[in-house]
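The values are calculated or read from the model by the stated rules, or taken from the named source; none is laboratory data. Worth saying up front: this structure is predicted, and the values here are computed from it rather than measured. Cβ coordinates were reconstructed from backbone atoms using ideal geometry, including for glycine residues, and neighbour counts include every protein chain displayed. Accessible surface is based on the protein model in full, side chains and every heavy atom, while ligands, DNA and RNA are left aside. Shrake-Rupley method; radii C 1.70, N 1.55, O 1.52, S 1.80 Å.
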Amino acid sequence: LQVFDDEGNNVTPHPLFQSDPHTAVPRQGKLHCQVFNLTRGSSCSTWISNKPTAKSSLDGPAEPDSGEDPTWSLPAVQVGQEEVEEALTEEELDQRVDIYLSETDTLWMFDVPSVTMSVEAEDAGRVLERNKIYTDLCKNKPGNERFAERMVQTLAGAAKNKEVQCETISMADKGMMVTAWDLDNSLDASGIEPTSRAEGPRATTEEGTRCPTSKEPDQTVSVSSDRGITTSSLMIPESAVPARSQGEEKCLSEAILTSENLKQDLVIMERILMENIFQPKLAAYRQIPVLQEPDVTSGRADTAAATEEAEEEEQDKEKKDEGKEEKGLADTSGVNESPGEAAAPRLEQLWSYMCDVTSGHSVSSMAWNRVNPDLLAVGYRELDSKDQKQGLACCWSLKNPMWPERIFRCEHGVTALDFSLASPNLLAVGTCSGSVAVYDVRGRQDAVLLDSSASLNKHTGAVWQLRWVEQDRGAAGGDKTERLMCISADGRVTEWLLQQRLDCNDLLKLRRTEREKKKLPGQKEKKREAPISQQAAGMCFDFHPEDTDIYLAGTDEGHIYQCSCSGTEKILGTYRGHKGPVYRVAWNPSSTDTFLSCSADWSTLLWHRDSHTPLLAFSSVTAAVHDIMWSPKSACIFAAVKESRVEIWDLSVSIFNPVISCSASPDANLTSILFAKNTDCLLVGDSLGAVGVWELPILNAPGSDKV
C-alpha cells in the first residue's frame, strides 16, 4: 500500500518493525486501518483482505458492524500488505484510498504542577491579582497596628496526673506594732547599719552618734535592772520608744533631701504637674486640639441646670477678661475697620518664662537649640547697676515653663549667647566684660567648659553678639567646619578657636570715620571721611544665609559694613542711613538680597545688597528699636520691639503701618524678640526677666512671597 499526495509524491510511511520473512503468518482475516485523508477528500473506512484473490480486496468499503475482527498483530499486517500489493492491478493502484489514524489513550506516569503561568492564560489575571495582594501584605506587615505576632497552641497536650507528697502547710496569724520611722526606707541607700534601741532610762544604743534606721520585726532588747542584765525578744510599743534627738532628726532630713532618687522623682512629678497645668496653652503652642475634660452629669434635672448656669457664668467671665486684655494689651494700628469688616489680628499671650532667680534681671538675648526645638537659652544681665552684678544663662524647656532646666551663673552680665550646630550640647556665652565662655548643657553643674580669661587676645569691650557659623574651609568633598564668631565694643570681629583653651584671631577692625558736614558759603572744601586711629564699636553682625563668607557689621556710628572673611579687601561696601547706633541687622532668609536694620534713631530700614541707600523706612512710634527678626514662614513679615511695644509688619499688606502693634506692661521695656520654630508663636523678652510666649494667627501667609 502506497500513499501519494496531490502532487504525486510518494509519502508512504516506513514501517517501524521489520518482520522476519521466514515467520509463518496466518493468511486469513481482514485488516482495518483508519488514516487521515492526505488529499483532503472525503473520508471512509476500508477493509482490506489478505487473501490472494483480487475480489476480496476490491469489493469496496466494508461495514464496521459486519462482525469481523479487524485486530491483527504487526507481523501479520505487514505480510498481508506484501501479498495485497502483489495481487493488485494497475487500475486498483490508481484508485484513491483514505487512511484514518487514531490516537490511543495517554497514560500519565508522573505529573508535577507548574509554578509559572503564561500571561496569556485564562486565569492569568486572577493569579496576578492574588500575587499583588500578597506582596502588599508582606510590605505592610512591619509597623502595622493590625498585624501582631502571637503564638498559638494548635494541639492540646494530653492531660497528665502529677502527684506531690509534702508536709501539711500550716497557717498562722502574726502581728506587730510598727512606728512611723519603721516605714521610712530613705536611708537604705545611705549605707548606715541598723542599730538596736534600748528601753529604760539607763539603756544606751550601740552607736549613739549614727542615724537610726528601720527596725526588724523582733528586736533583741537589753534591759538592765538590780538583778543584772537580761536579753529578751520583746515587742516595743511606740509610746515606749524615746523621741529622737535633734542630731538624729537633722541627719535624717539631710539624707532625705540629698538623695538623688528623691531629686529625680521630684523632677518627674514637677513635669507631670506642669503639663497638666499648661495643657491648653501647650496644645495651642503645638497647634493641636485642646483636650476637654468630660462633664460628669447625673440624671437629676437640678444638677444639669446648675451645671449649665455655671458654664454660662464662666463664659461671661472669660469674655470680660478678653475684653480687658484687648483694651490693655492688643492695641492694633493701621487701616481703620468698618463695622462689616472682620476683626483685626491680635497677639494672644500663652505663658511667660520667669522665676525667682531671673526676676530683676533684663533679658539680653535668646537662642533656640539647633537640634531640640523645645530648648531655649536666655541670657540675663543687670541694667540698673551698670552690669556690675552677676549674669545668668538659663536653659528653658516646654516641659516646665516655670523653672529652667539649667542655670549657669556668670561673673558678669550676659550680653549674647548661641547654641552650636555641630555639637548641640555646647552653649557659647558672651558677657559685658568681653569674656567668652562655653558651657556643656548636659551637666547639671554650672562649671565652665572653656573660658577666654587666659587668652592674651581677648576682648576689652562688651561682646554684643556671637554666633556659630559653618564655613567651607576648602576641604575635600565640600566639608564645612563650624567657627565661633564674635563682635565686640572694642571694634573687633574675631574668630574663636576651641582647643584646650579659647583663643581668637581678628577678622576685622572697625575704624571710626568723621561725619560729613555741610559746606557753608565761602568755606573751603575739606577732606571727607578722614580716618582716625580711634576704633568704632561693633554692635551687631549677621552672616549671609547662602554665602557665609559674607557678613554685615553694624557700628555705634550708624554705619553698616558689608565684609568678607577672606580676600585682601575686608570691607566690600558701606551702607549709611542711620543716625544712631545700629542695634541689629538681619538678612532675609527667603529673599537673600535684602536685609533689615534697626537703630536707636527710632527707624527700621530695608536695604538691597546692591544699593547703598535704603529702599524703605519703617517708623510708627518715637522709640528706639532694640531688636528685629524676619519671619521664617514668609518673606514679607518681620517683627520689631520698641521699648514697650512689639510690632508685626506685613509688607504685602502695608508698608506704612504695622498689622499688629501690641503694648506690653508699662513697668517693663521690651529688649529682644525671637520667632518660635515649627509653630506660629513669638517670644518677647523684657527688662524684668520675663520671656513672654505670644501666639500669632497672622503667620499663616505662604512662605514663597518675595519682597
Exercise for review: Between LYS480 and VAL112, take the C-beta separation as r, use R0 = 45 Å, and let me know the FRET efficiency to the nearest 0.05.
Suggested key: 0.10
**Study point:** J(HN,Hα) series, the range 545-557, from Karplus relation 6.51 cos²θ - 1.76 cosθ + 1.60, nearest Hz, glycine and proline x
**Key:** x, 9, 10, 6, 7, 9, 8, 10, 10, x, 10, 6, 7
Review point. What FRET efficiency, computed as 1/(1 + (r/R0)^6) with R0 = 56 Å and r the Cβ-Cβ distance, is obtained for THR460 and MET177, rounded to the nearest 0.05?
Key: 0.15
Point to revise | Inter-label distance for HIS544 and ARG96, nm, one decimal - labels placed 7 Å from Cα along Cα-to-Cβ | key: 9.8
Point to revise | Extension gain, GLU569 back to THR613 (0.36 nm per residue minus Cα-Cα distance, nm) | key: 13.7 nm
Study note, to complete from the structure: Checked against the positive end of the charge dipole of the range 569-707 (+1 on Cβ of Lys and Arg, -1 on Cβ of Asp and Glu, about the Cα centre), the farthest of VAL641, TYR575, PHE595 is TYR575
Exercise for review: Sort largest first and round to whole Å: the equivalent ellipsoid semi-axes of the range 360-445, each the square root of five times a Cα gyration tensor eigenvalue.
Suggested key: 21, 14, 10
Review point. Within the accessible area of the range 612-667, what % is carbon and sulfur when the probe is 1.4 Å and the other protein chains stay in place?
Key: 56
Review point. So how far apart, in nm, are the two label points at GLU163 and SER259 if each is 7 Å from Cα heading toward Cβ?
Key: 5.3
Review point. With every protein chain left in place, what is the accessible area per residue of the range 560-685 in square angstrom, probe 1.4 Å?
Key: 36
Review point. Between LYS132 and ASP472, what FRET efficiency comes out of the Förster formula 1/(1 + (r/R0)^6) with R0 = 51 Å and r the beta carbon distance, rounded to 0.05?
Key: 0.55
Check your understanding: Roughly how much of ARG576 is accessible, in Å² to the nearest 10, using a 1.4 Å probe?
Key -> 100
Revision key, fill the gap. Residues whose modelled amide H sits under 5 Å from the amide H of ALA416, counting only those 5 or more places away in sequence or on another chain, are GLY430
Practice item. Measure up LYS642/LYS677; LYS458/LYS633; LYS570/LYS633; LYS480/LYS633; LYS399/LYS633; LYS509/LYS579 against 31 Å on the Cα-Cα distance and list the ones that go over. Key: LYS458/LYS633; LYS570/LYS633
